[in-house]
Structure formats: C-alpha cells, structure tokens
1. Looking at (1) part of a strand (DSSP E or B); (2) in contact with a Leu (Cβ under 9 Å, 6 or more places away or on another chain), which is the only condition GLN118 fails?
2. Which of the residues that make up the range 50-70 are within 12 Å of the chain's Cα centre (by Cα) and over 20 Å from ASN39 (Cβ atoms)?
3. Give me a count of the residues in the range 94-115 that are assigned to a loop (DSSP other than H, G, I, E, B), of a type outside the set (D, E, K, R) and within 20 Å of LEU58 (Cα to Cα).
4. For residues in the range 72-99 being among the polar types (S, T, N, Q) and under 16 Å from the mean Cα position of the chain (by Cα), which is nearest to MET50 (Cα to Cα)?
5. Could you tell me whether any residue of the range 100-116 is touching a residue at least 24 places away in the same chain (Cβ under 8 Å), touching a Gly at 6+ places or on another chain (Cβ under 6 Å) and within 19 Å of ASN51 (Cα to Cα)?
6. Taking THR72 as the residue in question, decide whether it is without any contact (Cβ under 8 Å) to a residue 12 or more places away in the chain and either of a type outside the set (Lys, Arg) or within 25 Å of GLN29 (Cβ to Cβ) (or both).
7. Check PRO84 against each of (1) at pLDDT 95 or above; (2) in a strand (DSSP E or B) and name the one condition it does not meet.
Amino acid sequence: MKKRKFVFLIVLSLLFLAGAAVFLFCSNQESFTGSRIKNPDAYLLDIDRMNGTDLHTLELHEGDSLQIRLKTEKGALYMEIKAPDGTAIYQGNGKETTDFTVNIPESGVYTVVVEARQAKGTIHIFKKG
C-alpha cells in the first residue's frame, strides 16, 4: 500500500511539473494584442497585452525632436531609442516620466526598440521637426 501511495505521489508531482512548464512556456511566448501603427513620422502602440520585442525606425534630422508618451500600466515595458551609431539617446520604463521630448542630435536613421513582459501600456512617438 505504501509503495502505491509513493508511486501515485511521484506521478502527481510529475504531472504538476509538466503543467507548470507548459504554463511558463506559453506565458513567455511573443504576442501582441492591441493597436500598432508605424509611420515615417510616428510610432503608436496601444498595448492591451504584449510579450516580446518590437522595432521601428525613423529617419530624423539634426534639430528634430520626438514628442513621447510612454506609460506602463501593468507588467514590464522598456523602450530605448538608438542613434544611427547605435548609442542610446533614451532609455526608460514608463513608470516615472510619461510625457516628454527627446531632441535629435544628428541626422540619420534612429531605431526605437520596445521590450515587453506581460505588459499593458501606451507608447506614442511623434516626430516634430
């Protein structure tokens, strides 16, 4: 009887671990639910739920500026704006400052990188030039 109980507990533990592994795998899959608009002069994300990474490029000129709204409501949302040489001119998570302007120091193609984990929030970027 003790042996049967032991085997039952092992099988039950293995089933639990398999279920937990499937849950973790599924919850970390790249996904996006919401609205995403990518234009030459704007990048708009209204995120209901996002896991993963999204990129957008903007061709900007020295003296332009970007009007940005970045707000994290749930989960982890991180944004970085990279200059043509790859250096970051902005990095943030949308928890402290939510409405701000970033000035463009040199002409070229800038890359906006968004990383999200179980995130809900807003990213609106408009070119002002």
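The values are calculated or read from the model by the stated rules, or taken from the named source; none is laboratory data. Just so we're clear, the structure is a prediction, and the values are computed from it rather than from any experiment. Here the Cβ is made from the backbone with ideal geometry for all residues, glycine too, and neighbour counts use every protein chain on show.
1. (2)
2. Those that are within 12 Å of the chain's Cα centre (by Cα) and over 20 Å from ASN39 (Cβ atoms): ASN51, GLY52.
3. First, the residues of the range 94-115 that are assigned to a loop (DSSP other than H, G, I, E, B): 94-98, 104-107.
Subsequent filtering for residues that are of a type outside the set (D, E, K, R) retains 94, 97-98, 104-105, 107.
Now restrict to residues that are within 20 Å of LEU58 (Cα to Cα): 104-105, 107.
Number of matching residues: 3.
4. Within the range 72-99, the subset among the polar types (S, T, N, Q) is 72, 87, 91, 93, 97-98.
If we keep only those that are under 16 Å from the mean Cα position of the chain (by Cα) as well, we get 72, 91, 93, 98.
Values: THR72: 11, GLN91: 19, ASN93: 14, THR98: 19 Å.
The selected residue is THR72.
5. Let us first name the residues in the range 100-116 that are touching a residue at least 24 places away in the same chain (Cβ under 8 Å), namely 100-116.
Restricting the remaining residues to those that are touching a Gly at 6+ places or on another chain (Cβ under 6 Å) gives none.
No, the range 100-116 has no match at all.
6. Details: without any contact (Cβ under 8 Å) to a residue 12 or more places away in the chain: no; either of a type outside the set (Lys, Arg) or within 25 Å of GLN29 (Cβ to Cβ) (or both): yes.
When the stated conditions are applied, THR72 does not pass them.
7. Unmet condition: (2).
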